[in-house]
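Here's the structure, in structure tokens; my notes come after.
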Amino acid sequence: MNLWRIPTARAGALAVWRRNILVWRKLIVPAVLMNFGEPTLYLLGLGFGLGHFVGEMSGMSYLAFLASGIIASSAMTTSSFEGMYSVFTRMVPQKTYEAILATPLEVDDILAGEMLWCATKSVFSGIAILAVAAMLGVVQGWGALWVIPVVFMIGLCFAGPAMIMSALAYNYDFFNYYTVLIITPMFILCGVFYPIDTLPLAMQGFVQFLPLTHAVMLTRSLVVGADLPQPLLHIGVLMLYAVIGYYVAVVLVRRKLRV
Amino acid sequence: MSMTAQPVLTSNKPVISSRGLTKRFASRVAVNGVDFDIFPGRCFGFVGPNGAGKTTTLRMAMGLTPLSGGTLSVFGLPASENGPAIRARVGIVPQADNLDPDFTVEENLRVYASFFGLSRRQAAPRIESLLKFASLTDRRRARTDTLSGGMQRRLTIARALINDPELVVLDEPTTGLDPQARHVIWERLTELKMRGKTLLLTTHYMEEAERLCDELLIMDEGRILDQGSPRQLIERHVEPEVIEVRSGGGEALERLAGTAGCRLERMGTCLYCYTREPAQLIAVLKDAHGLTFLHRPTNLEDVFLRLTGRELRD
């Protein structure tokens, strides 16, 4: 019963994941609409509108640049919002965790299932954007499908910190801090809309610590075929965030629910 | 630990056993050195006012919160290190319904079965019989938020039985239900007991405790005040009969207070006269004007109020 012991997720995590899929399937129409609607708007509005003035960026069309970045940022927001609002709803007002903890499952299993689900939702959004981008003709070829496992990894990476926020939150307004102070700055600074080497030098160093920077590097390279000198570094950063995020979230939720 | 190797008869081995069980939170002691044994096939009740430590004791037994001291074993396993193994064999009915509002009645049972590792095929026949048990077969496709309070409670109990548990733990199973719904729950719980399940319930309804429980443990402020069957507790702590006198004026009450052979307890304008020989007092009361009175056998509520006092607990 030690709060800090290393988590051990078991098969029960998949039952939690399946539960969430089952709920998602009931609301599939608005969910899919959302998956396609928002990125399409970004790509058409910014990609064509702004792209008309920008022309090329980093040696590719602005539409291609934007599409390959939006895949990563959308995976981030999808996973983060699921990990905050939906996880908090199940953990606190809806008491779903209390019900699940009356079975052999433990907090370790529940959060592993939630994390897999957050990443799965990121994949749904990634597939939608990839499809739109392919229709607009900015995808390099079938090799771009490799972006799907990467999007899953991005989802895992952002699920952990979001669940930490859920464990710390006392109401939904708390999530505004994380959104305004973490999510939005990453969205703006990490290379989704422009290459990070146009940032001031100190800033360039800083954004190297932000996971979205590495996520965008990976997705851009896979979707458009851009150069990627250090793929393992980027994957490593994402996985590090995922593992640490999961561990801290498990400890905090154990503490929150054991009283 | 040597708990599993105790030299006791198999049939007599307690399902739950605690010695010196203690739980401290930052600012208070919720459970303070509690000893008890719960034997198989019986209905065991924890009764006590709010904050007595009942729910905390249950949560420790289910491995959901660690002990601060003492020992606690369930099915012979130390509770704090064996939560998952224990909960696999227990059905837990929480204080407040926590059904999944995203699902229908039937889906609630199916999804819950999956948390116990039951496949869809293994769960299907259990779901049918539990829907029947809970009288919810014709509401199987209803969303849970469209169910009445009594139906939700029945579904919560059915859900707790999906793993065919040996022990069913119920935390205030009928709080907030109307009398009809409450009687249905009591009937279902009696049925479970007849099927050989061990029941452990907490309640602050003495009628419920008296009706369902073979053995009771009265708790207050984390300690055990007494333990025994409802009959034993009544015999031990109160006279067999009581006359409740309700009166507008204090004068009449004072006159009565002089009557011999009664132990008196006052609560507002009501006087409780506990006695073995009620005849004399009844004769006096019949002649008195402006008094209403009720003569009845004593019950567990009298014991409870005697042991835990009549002050408000908030």
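The values are calculated or read from the model by the stated rules, or taken from the named source; none is laboratory data. Because the structure is predicted, anything quoted here is derived from the model rather than measured. Glycine also receives a Cβ, built like all others from the backbone with ideal geometry; neighbour counts cover every protein chain displayed.
List the number of the failed condition for B:R141; all other conditions in (1) away from chain A (no Cβ under 11 Å); (2) in contact with a Lys or Arg (Cβ under 7 Å, 6 or more places away or on another chain); (3) in a loop (DSSP other than H, G, I, E, B) hold.
Against the list (1) away from chain A (no Cβ under 11 Å); (2) in contact with a Lys or Arg (Cβ under 7 Å, 6 or more places away or on another chain); (3) in a loop (DSSP other than H, G, I, E, B), B:R141 comes up short only on (2).
Could you check region B:173-194 and list, in sequence order, the residues that are of a type in the set (S, T, N, Q), over 14 Å from B:G45 (Cα atoms) and surrounded by 14 or more Cβ atoms within 10 Å (Cβ to Cβ)?
B:T175
From B:G258, B:G248, B:G222, grab the single residue that is surrounded by fewer than 14 Cβ atoms within 10 Å (Cβ to Cβ), in contact with a Gly (Cβ under 7 Å, 6 or more places away or on another chain) and modelled with pLDDT under 95. Talk me through it step by step, then tell me what you get.
Values: B:G258 fails: in contact with a Gly (Cβ under 7 Å, 6 or more places away or on another chain); B:G222 fails: surrounded by fewer than 14 Cβ atoms within 10 Å (Cβ to Cβ).
Every option except B:G248 fails the conditions.
Results for (1) crowded, with 23+ Cβ neighbours inside 10 Å; (2) assigned to a strand (DSSP E or B); (3) without any contact (Cβ under 8 Å) to a residue 24 or more places away in the chain, shown as yes or no for each residue.
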{"residue": "B:D37", "(1), (2), (3)": "no, yes, yes"}
{"residue": "B:G41", "(1), (2), (3)": "no, no, no"}
{"residue": "B:G45", "(1), (2), (3)": "yes, yes, no"}
{"residue": "B:P66", "(1), (2), (3)": "no, no, yes"}
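Of the conditions (1) touching a Phe, Trp or Tyr at 6+ places or on another chain (Cβ under 8 Å); (2) on the phi > 0 side of the Ramachandran plot; (3) of a type outside the set (S, T, Y), A:G225 fails just one. Which one is it?
Of everything listed in (1) touching a Phe, Trp or Tyr at 6+ places or on another chain (Cβ under 8 Å); (2) on the phi > 0 side of the Ramachandran plot; (3) of a type outside the set (S, T, Y), A:G225 misses just condition (1).
Considering each of B:S80, B:S68 in turn, give the residue that is in contact with a Pro (Cβ under 6 Å, 6 or more places away or on another chain), closer than 19 Å to B:R19 by Cβ and hydroxyl-bearing (S, T, Y).
Values: B:S68 fails: in contact with a Pro (Cβ under 6 Å, 6 or more places away or on another chain).
Answer to the selection: B:S80.
What about B:A142, is it under 19 Å from the mean Cα position of the chain (by Cα) and modelled with pLDDT of 95 or more?
On the way: under 19 Å from the mean Cα position of the chain (by Cα): no; modelled with pLDDT of 95 or more: yes.
Answer is no for this residue.
Could you pull out every one of the helices (runs of 4 or more DSSP H) wholly within region A:1-100 that has 2 or more residues that are in contact (Cβ under 8 Å) with a residue 24 or more places away in the chain?
Values: elements: A:12-26, A:28-42, A:51-54, A:62-81, A:87-91, A:96-100.
Fully inside region A:1-100 and qualifying: A:12-26, A:28-42, A:62-81, A:87-91, A:96-100.
In region B:182-223, how many residues are part of a helix (DSSP H, G or I) and of a type in the set (A, V, I, L, M)? So that I can check it myself, show each step before the final result.
Restricting attention to region B:182-223, the residues satisfying the condition of being part of a helix (DSSP H, G or I) are B:182-194, B:206-212.
Then drop every residue that is not of a type in the set (A, V, I, L, M), which leaves B:184-185, B:189, B:192, B:194, B:206, B:209, B:212.
Residues meeting the conditions: 8.
If you scan region B:298-314, which residues turn out to be surrounded by 11 or more Cβ atoms within 10 Å (Cβ to Cβ), of a type outside the set (A, V, I, L, M) and touching a residue at least 12 places away in the same chain (Cβ under 8 Å)?
Taking region B:298-314 as the starting set, the residues that turn out to be surrounded by 11 or more Cβ atoms within 10 Å (Cβ to Cβ) are B:298-310, B:313.
The next check asks that each one be of a type outside the set (A, V, I, L, M); those that pass are B:298-299, B:301-302, B:304, B:306, B:308-310, B:313.
Once the filter is applied, which keeps residues that are surrounded by 11 or more Cβ atoms within 10 Å (Cβ to Cβ), of a type outside the set (A, V, I, L, M) and touching a residue at least 12 places away in the same chain (Cβ under 8 Å), region B:298-314 yields B:T298, B:N299, B:E301, B:D302, B:F304, B:R306, B:T308, B:R310, B:R313.
Which one of these is closer than 30 Å to A:G55 by Cβ and in a helix (DSSP H, G or I): A:V180, A:V147, A:V123?
Numbers: A:V180 fails: closer than 30 Å to A:G55 by Cβ; A:V123 fails: closer than 30 Å to A:G55 by Cβ.
Answer to the check: A:V147.
Conditions first: (1) more than 9 Å from chain A (Cβ to nearest Cβ); (2) outside any helix (DSSP H, G or I); (3) of a type in the set (A, V, I, L, M). B:I127 passes all but one, so which condition is the exception?
So B:I127 meets the others, but not (2).
Quick check: anything in region B:68-77 of a type outside the set (F, W, Y), at the interface with another protein chain (Cβ under 9 Å from one of its Cβ atoms) and assigned to a loop (DSSP other than H, G, I, E, B)? Let's see the steps before the verdict.
Within region B:68-77, the subset of a type outside the set (F, W, Y) is B:68-74, B:76-77.
In the following step, the residues that additionally are at the interface with another protein chain (Cβ under 9 Å from one of its Cβ atoms) were identified as none.
Checking region B:68-77: not a single residue is of a type outside the set (F, W, Y), at the interface with another protein chain (Cβ under 9 Å from one of its Cβ atoms) and assigned to a loop (DSSP other than H, G, I, E, B).
Could you check how many residues of region B:108-124 are facing chain A (nearest Cβ under 10 Å) and in contact (Cβ under 8 Å) with a residue 24 or more places away in the chain? Spell out the reasoning first.
At the first step, the residues of region B:108-124 found to be facing chain A (nearest Cβ under 10 Å) are B:108, B:110-118.
From what's left, in contact (Cβ under 8 Å) with a residue 24 or more places away in the chain: B:108, B:112-113, B:116, B:118.
The number of residues fulfilling the criteria is 5.
Select from region A:118-145 the residues that are more than 21 Å from A:L44 (Cα to Cα) and at pLDDT below 95 and list them in ascending order.
A:W142, A:G143
Of all residues in region A:207-227, count the ones that are surrounded by fewer than 21 Cβ atoms within 10 Å (Cβ to Cβ) and either of a type in the set (D, E, K, R) or more than 20 Å from the chain's Cα centre (by Cα) (or both).
Residues meeting the conditions: 3.
From A:Y246, A:Y194, A:Y241, which residue is part of a loop (DSSP other than H, G, I, E, B) and surrounded by 14 or more Cβ atoms within 10 Å (Cβ to Cβ)? Break it down into steps so the answer makes sense when it comes.
Values: A:Y246 fails: part of a loop (DSSP other than H, G, I, E, B); A:Y241 fails: part of a loop (DSSP other than H, G, I, E, B).
Residue meeting the stated conditions: A:Y194.
Quick check on this structure: which one of A:S74, A:S58 is buried (at least 23 other Cβ atoms within 10 Å of the Cβ), in contact with a Pro (Cβ under 9 Å, 6 or more places away or on another chain) and away from chain B (no Cβ under 14 Å)?
Details: A:S58 fails: buried (at least 23 other Cβ atoms within 10 Å of the Cβ).
Exactly one of A:S74, A:S58 is buried (at least 23 other Cβ atoms within 10 Å of the Cβ), in contact with a Pro (Cβ under 9 Å, 6 or more places away or on another chain) and away from chain B (no Cβ under 14 Å), namely A:S74.
Could you list, in sequence order, the residues of region A:101-110 that are assigned to a loop (DSSP other than H, G, I, E, B) and within 25 Å of the chain's Cα centre (by Cα)? Spell out the reasoning first.
Pass one, region A:101-110, residues assigned to a loop (DSSP other than H, G, I, E, B): A:101-106.
The one that is assigned to a loop (DSSP other than H, G, I, E, B) and within 25 Å of the chain's Cα centre (by Cα): A:E106.
Any residue in region B:167-186 that's in contact (Cβ under 8 Å) with a residue 12 or more places away in the chain and hydrophobic (A, V, I, L, M, F, W, C): show its pairings with residues that are surrounded by fewer than 16 Cβ atoms within 10 Å (Cβ to Cβ) and assigned to a loop (DSSP other than H, G, I, E, B) at Cβ separation under 8 Å, as long as the two are six or more apart or on different chains.
Once the first residue is in contact (Cβ under 8 Å) with a residue 12 or more places away in the chain and hydrophobic (A, V, I, L, M, F, W, C) and sits in region B:167-186, its partners that are surrounded by fewer than 16 Cβ atoms within 10 Å (Cβ to Cβ) and assigned to a loop (DSSP other than H, G, I, E, B) give B:A181/B:S148; B:V184/B:S135.
Search region B:148-172 for residues being among the charged types (D, E, K, R), in contact with a Gly (Cβ under 9 Å, 6 or more places away or on another chain) and crowded, with 19+ Cβ neighbours inside 10 Å, and hand back the single one that is nearest to the other protein chains (Cβ to nearest Cβ).
Checking each candidate, the answer is B:R159.
Which condition number does A:L41 fail, the rest of (1) hydrophobic (A, V, I, L, M, F, W, C); (2) within 14 Å of chain B (Cβ to nearest Cβ); (3) more than 21 Å from B:F103 (Cβ to Cβ) being met?
(2)
Can you go through A:E106, A:E82, A:E114 and tell me which one is at the interface with chain B (Cβ under 10 Å from one of its Cβ atoms) and modelled with pLDDT of 95 or more?
A:E106
On the basis of being facing chain A (nearest Cβ under 7 Å), in contact (Cβ under 8 Å) with a residue 12 or more places away in the chain and touching a strand residue (DSSP E or B) at 6+ places or on another chain (Cβ under 9 Å), does B:I92 make the cut?
Working: facing chain A (nearest Cβ under 7 Å): yes; in contact (Cβ under 8 Å) with a residue 12 or more places away in the chain: yes; touching a strand residue (DSSP E or B) at 6+ places or on another chain (Cβ under 9 Å): yes.
Answer is yes for this residue.
Looking at region B:95-107, which of its residues are more than 9 Å from chain A (Cβ to nearest Cβ) and either among the hydroxyl-bearing types (S, T, Y) or touching a residue at least 40 places away in the same chain (Cβ under 8 Å) (or both)? Can you show your working first?
So the first thing to find is which residues in region B:95-107 are more than 9 Å from chain A (Cβ to nearest Cβ), and the list is B:95, B:104-106.
If the condition is that a residue be more than 9 Å from chain A (Cβ to nearest Cβ) and either among the hydroxyl-bearing types (S, T, Y) or touching a residue at least 40 places away in the same chain (Cβ under 8 Å) (or both), then B:Q95, B:T104, B:V105 are the ones that fit.
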